[in-house]
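Shown next, in structure tokens, is the structure this report addresses.
The values are calculated or read from the model by the stated rules, or taken from the named source; none is laboratory data. Everything numeric here is computed off the predicted structure, so don't read it as measured data. Glycine also receives a Cβ, built like all others from the backbone with ideal geometry; neighbour counts cover every protein chain displayed.
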Amino acid sequence: MNPLARALNDTLANTVVARVFSDLGRRMYFPKGIVAQAAEAKSKATKFNATVGMAYADGAPMTLPLIRELTGNLPTAETVAYAPTPGVPALRDAWKEQMLAKNPDLADVPTTRPMVVPGLTAGITMTADLFTGSGDTLLLPDLFWGNYRLIFEERRQCTMREFTFFDAAGAFDRTAFADGARAAASNGKLTVILNFPNNPAGFTPGSGDVTFIRDTLVQLADSVPVTIITDDAYFGLFYDDNAYTQSLFTLMADAHPNILAVKVDGATKEDYVWGFRVGFVTVAFQGMTAEHSAAIEQKLTGAIRSMVSNSSVLSQSILLRAFAHPQYEQQKQAAFELLEGRFRTLQDILAAKEREGRAPQLQPLPCNSGYFMSFRCNGLSAEALRVKLLESGVGTISVKDQFLRIAFAGVDREVLPELFEDVFTAAESFG
């Protein structure tokens, strides 16, 4: 094992991090190679800096004139230069400030400084690389984003154990979660991933449910190390008062010394910049010191360096400037209200269809947040319904042949009635 990795492991010894590391996580480190030496030279090489593999002219990164024209007034250091491996420092700090503003209960809780990754997928993958592996069991709801299967089951060779997300009354199934958590922990280690607002259901549990989740995991942490990954891709898009409006990470970050909490979030959906590919990873556990935090960040920096080197500096620069713009909050609120309006129209449509007794095979799942709503297809193949709709020019997603997911966020409010009329009519055509 590399001495740098060994030193980081020594720093993290006797913490939950050491107990949940994968083999790769134990081996990971950030080398004192080109990137580290170049970072050191940036502050000390005042005469000549011949370190980084970038071309310079007149003290600034070179670029083609047409690229300079297309990127407007932004300096080339913000458009074409390499970003630091863990992200532009000012953006990391700005995101930390936003995270605390959105989650005030984190105010006095030590966390790592958010690390920039190229989208939430990369953040979840790097987390999986460091903390999961063959023989581990991942607990997740039966309604989950399909890419988890590739990340955890195929890449990391975890066993995926699903629990029923909704009970018969349409509430978060506490019993199924608790039973699933106890069963998944039976091999001596528990890893959980939860995504609120949920994709594909578009649902966020209330404060009582998230407190139950925390209490269940705290109880188990007395016996086994627990890693809880909060996939906060759609964070902030809450449309009713029943949803818990802080991240579950807030409840888990300081819950127990044997619980490692990892928050994966980003500007992707929160700031409507999907293709920018800017996500963040933040880590916490009870009793985490500054030395622990620095060691975890070094491990994550090594994971970033080994996978993608660094994230786009242009995306980070634009976001940083947007966060500081005087119209940022106003424009973001306007975007939220547009999506909330679509949600209200969706609820009106579904209520009307129920009164009319339309397509009883389609059972709307609880929905109060995010981009999506889903139907449970009773006695009807969701895939057959998807194909039927596609033949008439309507695109939807089938999940497990049981659920039909509709991204109401992607359809203008005034044509939502037409979309759902097509869906109900297609379902009724199956008899």
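The table for this structure:
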read-out	value
The range 292-309 residues that are at positive phi, paired with ones that are hydrophobic (A, V, I, L, M, F, W, C) (beta carbon under 9 Å, 6 or more apart)	Ser309/Val35
Gly180 vs. criteria farther than 17 Å from Asp231 by Cα and touching a Leu at 6+ places or on another chain (Cβ under 7 Å)	yes
Wholly enclosed helices (runs of 4 or more DSSP H) of the range 177-285 bearing at least 2 residues in contact (Cβ under 8 Å) with a residue 40 or more places away in the chain and closer than 27 Å to Val16 by Cβ	207-221, 248-252
His256 vs. criteria more than 16 Å from the chain's Cα centre (by Cα), at pLDDT 95 or above and buried (at least 21 other Cβ atoms within 10 Å of the Cβ)	yes
Residue among Ala294, Ala284 that alone is over 28 Å from Val415 (Cβ atoms), surrounded by fewer than 20 Cβ atoms within 10 Å (Cβ to Cβ) and in the same structural domain as Phe235 (by TED's automatic domain parsing)	Ala294
Only listed residue being closer than 15 Å to Asp231 by Cα, at pLDDT 95 or above, assigned to a helix (DSSP H, G or I) and among the basic types (Lys, Arg), chosen from Arg149, Arg92	Arg149
When residues of the range 218-233 are limited to those that are more than 20 Å from the chain's Cα centre (by Cα) and under 29 Å from Gly279 (Cα atoms), the one surrounded by the fewest Cβ atoms within 10 Å (Cβ to Cβ)	Val218
Answer residue from the range 335-349, given it is within 23 Å of the chain's Cα centre (by Cα) and among the aliphatic types (A, V, I, L, M) and is farthest from Asn368 (Cα to Cα) among those	Ala335
Which listed residue is on the phi > 0 side of the Ramachandran plot and free of Cβ contacts under 8 Å to residues at least 40 places away in the same chain, from Asp401, Asp348	Asp401
Selected residue (criterion: surrounded by the most Cβ atoms within 10 Å (Cβ to Cβ)) from residues of the range 362-419 that are within 20 Å of Glu337 (Cα to Cα) and small (Gly, Ala, Ser)	Gly370
Extreme residue, nearest to the chain's Cα centre (by Cα), among residues of the range 114-149 that are surrounded by 19 or more Cβ atoms within 10 Å (Cβ to Cβ) and among the charged types (D, E, K, R)	Asp129
Residues of the range 153-180 that turn out to be in contact with a helix residue (DSSP H, G or I) (Cβ under 6 Å, 6 or more places away or on another chain) and under 23 Å from Asn242 (Cβ atoms), as a count	5
